[in-house]
Amino acid sequence: MAEEIRVDKPQVFIEGMSSGLSSEAASQTVRHKFTFSFDVVGEAPCVVTELENITCSEGETAVLKCVITGEPKMPPRFINPICDMETPEGTTVMFECSLMGIPSPIVSWFKGDRKIPQNNKKYLHFSDSDNHFLKICKVTTQDSGVYTCRAINIVGETLCRASLVVLSAKDFSGKTRGRELTEKDE
């Protein structure tokens, strides 16, 4: 939302006393009607809950004070999505991504349209702050396919996908693509 401030034509009100003072001797109140908006980080459903009435004399600067309430909210979005990988059979690979969202999103992993169970012997998924990992141990050609990381919170949902190609030893050219773990990483 862009910053916008609009001031309508001022309205002058004469407040006089019933003692018969002239209008010149009466005090004047100039009222301005302001319309304003402001930028909010994320997609926060913030609400202005309190405005303070400001008065000032001609030539003075008036400052409008307001109280804004509401928790900031932002749908999940990937900062670094998962990447395609190509690797030989028998290796251990790791998909990794980083994302942000408020509140923190819940992350799920899928192979094709099947949800990958949490922490079994073949698959291990875990998180470290905004970084999320799926480790696949001792891959075979049957592990080839499309893997999806899904992040969801109360504001929204996002997905990123990458393919894993596992080559048999006879088809492997010697170059891997993506993150292959060595014995010491495991």
Expected single match for at pLDDT 95 or above and either of a type in the set (Asp, Glu) or more than 19 Å from the chain's Cα centre (by Cα) (or both) among Gly145, Gly178, Gly156 is Gly145
From the option list Lys121, Lys115, single residue qualifying as over 26 Å from the mean Cα position of the chain (by Cα), under 16 Å from Asp143 (Cα atoms), in the same structural domain as Glu157 (by TED's automatic domain parsing) and surrounded by fewer than 17 Cβ atoms within 10 Å (Cβ to Cβ) is Lys121
In the range 95-145, how many are aliphatic (A, V, I, L, M) and within 16 Å of Thr158 (Cα to Cα)? 5
Got a number for residues in the range 78-112 being more than 24 Å from the chain's Cα centre (by Cα), closer than 16 Å to Val146 by Cα and among the β-branched types (Val, Ile, Thr)? 2
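Only one of these is in contact with a helix residue (DSSP H, G or I) (Cβ under 7 Å, 6 or more places away or on another chain) and at pLDDT 95 or above: Ile136, Ile116, Ile79. Name it.
Ile136
Can you say whether Ser98 is out of contact with any Phe, Trp or Tyr (no Cβ under 7 Å at 6 or more places or on another chain), part of a loop (DSSP other than H, G, I, E, B) and surrounded by 13 or more Cβ atoms within 10 Å (Cβ to Cβ), as far as the supplied structure shows?
no
Conditions tested, residue by residue: (1) touching an Asp or Glu at 6+ places or on another chain (Cβ under 8 Å); (2) surrounded by 14 or more Cβ atoms within 10 Å (Cβ to Cβ); (3) of a type outside the set (Asp, Glu); (4) not in a strand (DSSP E or B).
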residue: Ile79; (1), (2), (3), (4): yes, no, yes, no
residue: Thr87; (1), (2), (3), (4): yes, yes, yes, no
residue: Val93; (1), (2), (3), (4): yes, yes, yes, no
residue: Phe110; (1), (2), (3), (4): no, yes, yes, no
Test for Ile116: is it touching a Cys at 6+ places or on another chain (Cβ under 7 Å) and closer than 18 Å to Arg161 by Cβ: no
Filter the range 119-141 for residues that are free of Cβ contacts under 8 Å to residues at least 24 places away in the same chain and out of contact with any Lys or Arg (no Cβ under 9 Å at 6 or more places or on another chain) and give the result. Asn119, Asn120, Lys121, Ser127, Asp128, Ser129
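The values are calculated or read from the model by the stated rules, or taken from the named source; none is laboratory data. This is a predicted model, so every value here is computed, not measured. Note that each Cβ is placed from the backbone with ideal geometry, even for glycine, and that neighbours are counted across all protein chains shown.
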